[in-house]
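Below: the structure, in structure tokens.
None of the figures in this text is laboratory data; all of them are computed from the coordinates on show. Everything numeric in this text was worked out from a predicted model, so none of it was measured. Backbone-built Cβ (ideal geometry, glycine too); neighbour counts: all protein chains shown.
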Amino acid sequence: MDYNNAPPGYPPQPGQPTQVISVKEWMITLLLLAIPVVNLVMLFIWAFSGGTNLSKSNYAKAALLWAAIWIVVYIVFFVLFGAAFFANMQHLQNSGY
């Protein structure tokens, strides 16, 4: 198998150069990530499309993983504190306040 002609998304093989993303391209990337809804769409495109630079693809995958982790943390937080809040409200209602 010829590893130098591997499809995009596969890690570069030893001796195969990788392209460096320019500062201008990173600035555009960060600008797009600052726009709500567009940021999620672009992260999915960069993470899972074949023509994206490996560095940007890995960054997008990591950002999506962090987003998923924070969503789970928020859900757990709101379930725990929401249950405690409503239990307390029930207690206050039964006590006559």
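Quick look at the numbers
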| read-out | value |
| --- | --- |
| Highest-first arrangement of 71-82, 54-65, where packing means the average Cβ count within 10 Å | 54-65, 71-82 |
| Environment charge of residue 39, counting only residues whose C-beta is closer than 15 Å and scoring Lys/Arg +1, Asp/Glu -1 | +2 |
| Rg(Cα) / (2.2 N^0.38 Å) computed for the range 42-97, rounded to two decimals | 2.02 |
